[in-house]
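**Q** Quick one: the structure is below, and I'll ask about it shortly.
Just so you know, all these numbers are worked out from the coordinates, no wet-lab data involved. These figures come from a predicted structure and were not determined experimentally. A quick note on method: Cβ atoms are made from the backbone with ideal geometry, for glycine too, and the neighbour counts reach across all protein chains shown.
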């Protein structure tokens, strides 16, 4: 059986679907980010860092591991951590086993800020995302996301 030849460019319909997806995802992200900022004084970037640290063993990660985990370049993370450290949300210390490494630890204030911000954020996720879809549509979104993650080599 001959393999189907792929088009080099998306069709008009594929582009329409793509734009709808991108514009809707961006609107959803913007609304969630705005609500988080107003309800908890945390940015979505703060929340990503705090979430990763809250799930880490002893609430601590090496900065290089944290950067990889949240998909940021080390320089972006370093600048963001400096701002978070000034606010008392995280604490950075040199790694005892690596002269160039930095450990990032979630502070008690950071953990409390994360807990305080999570409740309204999760309610907002439910209101703006989950409530818009049927259980079947949620399952389809899960399948769609898994297919994209596999295609982009994001699956473990």
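**Q** So what's the back-of-envelope 222 nm ellipticity for the chain, counting only DSSP H runs of four-plus at -39500 (n - 2.57) apiece and dividing by all residues, rounded to 500?
**A** Values: 6 runs with 100 residues, N = 156.
Roughly -21500 deg cm²/dmol at 222 nm, from the helical runs in the chain.
**Q** Which distance in Å, rounded to a whole number, links the C-alpha centroids of the range 90-156 and the range 4-70?
**A** First find each Cα centre; the distance between them is then 9 Å.
**Q** Here is a follow-up. Treating the angle as unsigned and between 0 and 90°, give the value, to the nearest 10°, between the Cα long axis of helix 108-128 and the longest Cα principal axis of the chain.
**A** Helix 108-128 sits at roughly 20 degrees to that axis.
**Q** Determine, for 42, 128, the number of other Cβ atoms within 10 Å of each Cβ, and report the residues in order from fewest to most.
**A** Numbers: 42 24, 128 14.
If I rank by nearby Cβ atoms, fewest first, I get 128, 42.
**Q** Ok, one more. Starting from the Cα of residue 78, step 7 Å along the direction of its Cβ; do the same at residue 27; then give the gap between the two resulting points in nm.
**A** 4.0
**Q** Now a separate question. Only counting other Cβ atoms within 10 Å, I'd like 129, 144 sorted with the fewest neighbours first. List each step's numbers first, then the result.
**A** Working: 129 14, 144 11.
The most exposed by this proxy come first: 144, 129.
**Q** Report, to the nearest 10°, how far helix 135-151 tilts away from the longest principal axis of the Cα atoms in the chain, using its own Cα long axis and a range of 0 to 90°.
**A** 80
**Q** Now, a different point. For the chain, modelled as a GNM with alpha-carbon contacts under 10 angstrom, which of 11, 60, 93 fluctuates the most?
**A** Most flexible of the set in this elastic network: 11.
**Q** Sort 84, 36 so the one with the fewest other Cβ atoms within 10 Å of its own Cβ comes first. Don't jump to the answer; show the numbers that get you there.
**A** On the way: 84 26, 36 20.
Starting with the residue having the fewest Cβ neighbours, the order is 36, 84.
**Q** To test your reading of the geometry: what angle, between 0 and 90 degrees and rounded to tens, separates the Cα axis of helix 74-86 from the longest principal axis of the chain?
**A** Value to nearest ten degrees: 50.
**Q** Same structure again: Going by the alpha-carbon gyration tensor, a ≥ b ≥ c the square roots of its eigenvalues, is the range 43-124 rounded (a/c under 1.5) or, if a/c is not under 1.5, prolate (a/b greater than b/c) versus oblate?
**A** Numbers: a/c = 1.89, a/b = 1.65, b/c = 1.14.
Prolate, since a/c reaches 1.5 and a/b exceeds b/c.
**Q** Classify the range 85-156 as rounded, prolate or oblate, taking a ≥ b ≥ c as the square roots of the eigenvalues of its Cα gyration tensor: rounded when a/c is under 1.5, otherwise prolate if a/b is larger than b/c and oblate if not.
**A** Numbers: a/c = 5.28, a/b = 1.58, b/c = 3.34.
Here the range 85-156 falls in the oblate category.
**Q** Taking R0 as 22 Å, what's the FRET efficiency between residue 141 and residue 70 from their Cβ-Cβ distance, rounded to 0.05? Write out the running numbers ahead of the final one.
**A** Details: r = 22 Å, r/R0 = 0.99.
My answer for the efficiency is 0.50.
**Q** Just grab the label-to-label distance for residue 98 and residue 20, each label 7 Å out from Cα along the Cβ direction, in nm (one decimal).
**A** With each label placed 7 Å out from Cα toward Cβ, I get 4.5 nm.
**Q** Read through the labelled values (1) 62, 42, 38; (2) 59, 37, 24; (3) 46, 32, 31 and report the label of the one computed as Cα extents along the principal axes in Å from the structure.
**A** Checked against the structure: label (2).
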